[in-house]
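Everything on this sheet refers to the single structure shown next.
Computed from the coordinates by the stated procedures, all read-outs in this text should not be read as laboratory data. All values reported here derive from a predicted model rather than from experimental measurement. Cβ coordinates were reconstructed from backbone atoms using ideal geometry, including for glycine residues, and neighbour counts include every protein chain displayed.
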Amino acid sequence: MSHPGTSIKRVRTVVGVLSLVLFAQTACWLGYDVAERGVDGAWTVWTTGTPSGLSATSSLDLGLAALQLTAGWAALRRGRGAGGLLVTACAATVLFRLPVLWYLLLNSPSNPWFGMLTGASLDVVGLTCVFAVLVAAVLGTLLVRARQLENEIAEAEAAAEAAALHGGAIRPVKVTATASGAVLAVLNVVYIFRNAITAYRVGPHGLAHLLAGRGTGRAVLAVSSPWQWTCLTLLCGAGMLLAARRRPVADGFALGLSLFMVPSSFTDLWGASVAGTLFQVPAASGQNLLEVVGGLAMAALIVWEARQDRLRPLGDGIEFPSASTPLPGTGRTLLSRSPSAAPRSGTGPVPSATAPAPVPAAATAHGVRTADGGPAEG
């Protein structure tokens with residue numbers, strides 16, 4: 001049986017590679033839109049969401065690609081927050097690729113899912129999404145295994161530290177956990193509120209059709225707004241719980257949500273400002289602005305905290321007894337010795353604790369003098 005430390009290194013490498021495989025699937029279709037429409041045409045698709053014909057990607061894929069790439073890079077570099085980033089990348093990939101599977105299954109020549117729109121092939125894009133979901137499932141399984149190995153290592157290290165040190169410092173509550181939890185809570189309220197308003201306007205039956213996404217998208221990988229809000233409600237709720245309980249993956253999870261939300265919201269704000277509709281849809285603009293500002297604030301706090309932890313001394317928070325501190329129950333210090341201690345063989349008698357220490361001689365230009373200035377005796 002391999003050592004847990006060796007196994008966790010292998011698992012980290014594998015999950016990093018799998019995250020990069022997910023990034024390759026997303027980047028492939030982003031590149032397809034750029035190749036088919038040019039940079040300006042693809043940017044128009046991502047900022048307006050109303051392409052001519054059927055595109056492969058939407059603005060959400062920009063954030064998903066950034067998340068998958070960062071998670072894979074952090075895992076391979078063993079960077080801070082890699083676990084949380086990988087969890088977010090895995091969950092977001094499954095949640096935002098699953099709808100394409102039922103697009104593929106419910107599509108038929110007599111009743112095309114995207115109507116008369118032509119462009120990217122639903123069959124080809126759908127098959128790559130099946131592959132992405134399978135890879136994400138393997139990634140999730142390995143993340144669970146990695147968590148088990150990390151727990152084994154942590155228990156062994158804790159036992160070793162407990163044997164060497166009796167007690168330890170209590171970790172203080174970090175501002176980052178509170179701030180990220182507050183931002184995610186506000187975003188969660190916004191998503192729930194928007195879904196509730198949509199259900200009130202169109203009714204439960206209409207909301208079900210919107211969640212399914214039939215007739216609402218102009219990109220194969222796009223999802224409907226109610227589905228997006230529902231998924232983000234789940235992700236932000238999980239982030240709130242992790243932040244409240246101060247789990248080790250909380251920072252990485254919040255950073256992953258920032259990477260996922262900010263690119264999409266920024267492109268939506270850009271498109272609305274160019275089209276002059278920024279203030280005509282205050283709910284959408286307010287949500288996008290909150291996602292950009294809140295996401296950047298969370299990312300800045302997490303990066304700042306990481307820099308502070310890197311600069312903090314390794315021994316910070318652990319107090320060691322000084323040489324003059326009395327040892328418990330003895331009344332003696334670390335430098336004192338028991339008067340009755342027997343001398344070691346060949347060392348001679350132990351000097352008395354009250355005997356004056358020998359005075360070192362100081363060499364001068366006129367001869368040898370003692371430290372108090374008197375002449376040295378021959």
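Each other residue within a Cβ distance under 15 Å of Thr57 adds +1 if Lys or Arg and -1 if Asp or Glu, for a net charge of -1. Add +1 for every Lys or Arg and -1 for every Asp or Glu among the other residues with Cβ under 9 Å from the Cβ of Ala120, and state the total. Summing Lys and Arg as +1 and Asp and Glu as -1 gives -2.
Taking packing as the residue-averaged number of other Cβ atoms within 10 angstrom, the listed peptides 178-187, 100-109 run from highest to lowest as 178-187, 100-109.
Once divided by 2.2 N^0.38 Å, the Cα radius of gyration of the range 7-81 becomes 1.33.
Take the alpha carbon atoms of the range 10-149, find their radius of gyration, then divide it by 2.2 N^0.38 Å using N residues; give the quotient.
On the way: Rg = 16.2 Å, N = 140, 2.2 N^0.38 = 14.4 Å.
With N residues counted in the range 10-149, Rg over 2.2 N^0.38 Å equals 1.13.
If you add up the charges near Gly72, with Lys and Arg at +1 and Asp and Glu at -1, over every other residue whose beta carbon is less than 13 angstrom from its beta carbon, what do you get?
+3
Taking packing as the residue-averaged number of other Cβ atoms within 10 angstrom, the listed peptides 219-228, 290-299 run from highest to lowest as 219-228, 290-299.
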